[in-house]
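Every read-out reported here was derived from the displayed coordinates using simple, explicitly stated rules and does not represent laboratory data. Keep in mind it's a predicted model, so treat the numbers as computed, not measured. As a convention, Cβ positions derive from the backbone with ideal geometry for all residues, glycine included, and neighbour counts pool all protein chains shown.
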Amino acid sequence: MVFLWYDSRAGCRFINDMLIFLFKRINIFRHLVPKGIFMQANFRKTDFIPQPKAAGDANKKTVIAVDGPAASGKGTLARKLAERLGYAYLDTGALYRAVGLATLESGGNPDSWQDVQTAVAIITRNLTPELLASPALRMPEVAEAASKVAAIPEVRQALLDYQRAFAANPPGNVGGAVLDGRDIGTVICPNADVKFFVTASVEERARRRFEELKSTSPDKGAILSQSQVLADLKRRDERDQSRATAPTKSAADAYVLDTTALNAQQALDQAISVIRAKFLSETNDNAAALRKPPQP
Ligand code: C5P
């Protein structure tokens, strides 16, 4: 009878759960068992999913804003954060790129609202994950068109609801959303739970973008030199930072993360430690060091 009980699946699961419980509670056991056994417990401990503290609002989703200039590493960081935390991810630049591409395809001028408005109407009716992942959106001329349409206030207004709805009700009803862009922490989600502003020197960003172009599209890499990529980035930075509506800028309460000398994993580790500090009230030197000094 006892033997049959041990042999049943429920019994095995029970014993397994008890062992994990004991291993997690009693520190001394850590040294007596092979490392692999503890992997699950350790993973759970460090890869927590932060939950909003809002009392009485069980449906509130955690929102993480990741802003910054092109090729700063914000997209990679935002994607990895979403993966790690089990949140939904939205690349808001792809929305502007989709409008830019549709405008170019219709032969319109991306600087003119009159030419862009039909594209906006079509894109906002047909926003799908497939459309936003289209490789055509990554072309340099589409980036340029995106930056131009993004300076038109009506375009920004038309895309605002979609972004806010995504943050409030992420697909899959997961616990939160990570949005990357230029104005997430300042305009789209000013009440985001954690905000990052990711930067890097413009030379390093040009190097990264050039390498990316070479690997994803060998033809483009051959046509565009690294100095052309640098000039494109500078022009786009200038336009994105100086436009009247929702310019690229760090929110006053954002953590500034300079990735010039960091690889993707190091940037992720720093961001996770900032989130842990925020949600678990841990003492954390990174969080203090990364916080931007108050604006004059
Ligand atoms: O981030 P990405 O390079 O894909 O963005 C393309 C362009 O879209 C940017 O140069 C910027 O002008 C615009 N954009 C924006 N606001 C966002 C995201 C992107 O204005 N939230």
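The H on the amide N of Asp258, modeled in the peptide plane, is under 5 Å from the matching H of Thr199, each at least 5 residues off or on a different chain.
All Cα-Cα distances of the stretch 62-290, cut into 5 Å bins from zero to the largest, leave 1, 7, 14, 19, 20, 17, 12, 6, 2, 1, 0, 0 percent in each bin in turn.
In this structure, the residue pairs whose Cα-Cα separation is over 24 Å, taken from Lys60/Lys148; Lys61/Lys148; Lys60/Lys249; Lys60/Lys195, are Lys60/Lys148; Lys61/Lys148; Lys60/Lys249.
Between Asn173 and Arg235, the FRET efficiency estimated from the beta carbon spacing at R0 = 51 angstrom works out to 0.80.
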